[in-house]
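Structure provided below as structure tokens; questions to follow.
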């Protein structure tokens with residue numbers, strides 16, 4: 001496992017890929033999330049070796065590229081047509097992991113119909129990724145408030161998402177496993193005992209606000225790792241280590257306090273996140 005930076009997730013905006021790599025290097029991260037389309041533009045202008053060297057010279061890994069397919073929008077077929085080129089670039093950069101998220105509700109489709117609809121959207125994406133040696137992680141959303149006001153609940157738990165990943169049928173789909181969503185879904189850390197390393201494509205770690213019942217936790221109000229101790233992140237990380245998970249671990253705290261710091265001093269914000277992750281690594285024995 002390695003400490004991975006998603007700059008946008010901690011309130012740092014509008015950095016270029018070279019700037020994000022430099023920030024990660026300066027503040028103690030091992031890898032970054034990045035925009036594969038931006039990387040493709042740089043590769044078109046300067047060559048793939050140039051982009052690869054941006055990472056290599058900084059000693060920063062290409063951790064994850066966000067899935068460049070708007071699979072739930074009208075343009076999804078256009079995006080799908082671009083995916084082979086972008087997946088090939090990801091593989092050439094040594095980054096075989098991409099991810100997306102799955103809404104936990106629907107306003108128009110009951111569960112079974114929605115399940116088949118998602119398979120039909122995800123399967124061609126996953127097949128292209130498989131052909132280029134890449135894997136797809138899909139994030140389930142745990143907070144109750146996201147689905148409770150909609151007519152139809154959809155996938156809200158790890159087990160349901162694992163079933164969907166299996167039923168997609170391409171063999172390269174697994175979880176974007178977020179400790180906050182695991183907690184808010186009602187699962188305990190021991191649920192990870194049912195996983196193998198192949199089930200986990202990418203990991204997010206966050207803590208939860210103290211004094212808020214689990215079923216009332218809000219999706220966009222979270223905390224830095226170990227900030228409150230509500231979520232057993234030490235247990236979570238030890239379980240992942242026991243599985244043999246070797247991919248990126250990213251903090252996504254949605255913290256107004258951290259966002260305010262990032263607006264004034266991006267390095268200070270990134271360094272605070274890195275220090276929180278360092279402490280978690282130390283306590284977890286990693």
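Only one of these is modelled with pLDDT under 95 and either assigned to a loop (DSSP other than H, G, I, E, B) or surrounded by fewer than 19 Cβ atoms within 10 Å (Cβ to Cβ) (or both): 220, 226. Name it.
None of the other options fit; the residue is 220.
Residue check: is residue 60 more than 21 Å from residue 192 (Cβ to Cβ) and in contact (Cβ under 8 Å) with a residue 40 or more places away in the chain?
Judged against the criteria, residue 60 is not a match.
Another question about this same structure. Taking residue 252 as meeting all but one of (1) touching a strand residue (DSSP E or B) at 6+ places or on another chain (Cβ under 7 Å); (2) without any contact (Cβ under 8 Å) to a residue 24 or more places away in the chain, write down the number of the exception.
All conditions are met except number (2).
To continue, here is another question. From the list 65, 101, exactly one residue is surrounded by fewer than 18 Cβ atoms within 10 Å (Cβ to Cβ), under 24 Å from residue 178 (Cβ atoms) and either out of contact with any strand residue (DSSP E or B) (no Cβ under 8 Å at 6 or more places or on another chain) or modelled with pLDDT of 95 or more (or both). Which is it?
One residue alone meets the criteria, 101.
Taking into account only those residues within region 88-107 that are under 10 Å from residue 65 (Cβ atoms) and assigned to a strand (DSSP E or B), which is nearest to the chain's Cα centre (by Cα)?
This residue is 99.
Which of the residues that make up region 8-30 are in contact (Cβ under 8 Å) with a residue 24 or more places away in the chain and on the phi > 0 side of the Ramachandran plot?
Those that are in contact (Cβ under 8 Å) with a residue 24 or more places away in the chain and on the phi > 0 side of the Ramachandran plot: 11, 28.
Residue check: is residue 175 outside any helix (DSSP H, G or I), within 24 Å of residue 103 (Cβ to Cβ) and in contact with a strand residue (DSSP E or B) (Cβ under 7 Å, 6 or more places away or on another chain)?
Judged against the criteria, residue 175 is a match.
Within region 109-116, identify whether any single residue is modelled with pLDDT of 95 or more, assigned to a loop (DSSP other than H, G, I, E, B) and closer than 21 Å to residue 33 by Cβ, and answer yes or no.
Checked against the condition, which is being modelled with pLDDT of 95 or more, assigned to a loop (DSSP other than H, G, I, E, B) and closer than 21 Å to residue 33 by Cβ, region 109-116 yields no hits at all.
Just name the residue that is nearest to residue 255 (Cα to Cα) out of those in region 38-50 that are within 22 Å of the chain's Cα centre (by Cα) and surrounded by 16 or more Cβ atoms within 10 Å (Cβ to Cβ).
Checked region 38-50; the qualifying residue nearest to residue 255 (Cα to Cα) is 39.
Also, I was wondering about something else. Residue pairs, Cβ under 7 Å, 6 or more apart or interchain, first in region 121-149 and at positive phi and touching a residue at least 60 places away in the same chain (Cβ under 8 Å), second crowded, with 22+ Cβ neighbours inside 10 Å and in a helix (DSSP H, G or I). List them.
That search, which allows pairs on different chains as well, returns nothing.
So, residue 138, is that one part of a helix (DSSP H, G or I), surrounded by 16 or more Cβ atoms within 10 Å (Cβ to Cβ), touching a strand residue (DSSP E or B) at 6+ places or on another chain (Cβ under 9 Å) and modelled with pLDDT of 95 or more or not?
The answer is no for residue 138.
Also: How many of the residues making up region 134-161 are more than 14 Å from residue 203 (Cα to Cα) and in contact with a helix residue (DSSP H, G or I) (Cβ under 6 Å, 6 or more places away or on another chain)?
The qualifying residues number 7.
Filter region 242-263 down to residues that are touching a helix residue (DSSP H, G or I) at 6+ places or on another chain (Cβ under 7 Å) and in a helix (DSSP H, G or I) and give me whichever is surrounded by the fewest Cβ atoms within 10 Å (Cβ to Cβ).
My answer is 243.
For the subset of region 70-87 comprising residues that are under 19 Å from the mean Cα position of the chain (by Cα) and more than 24 Å from residue 158 (Cβ to Cβ), which member is surrounded by the fewest Cβ atoms within 10 Å (Cβ to Cβ)?
The extreme case among them is 70.
The values are calculated or read from the model by the stated rules, or taken from the named source; none is laboratory data. The model shown is predicted, which means the values in this text are computed figures rather than measured ones. Counting neighbours? That spans all protein chains shown, and the Cβs are built from the backbone with ideal geometry, glycine included.
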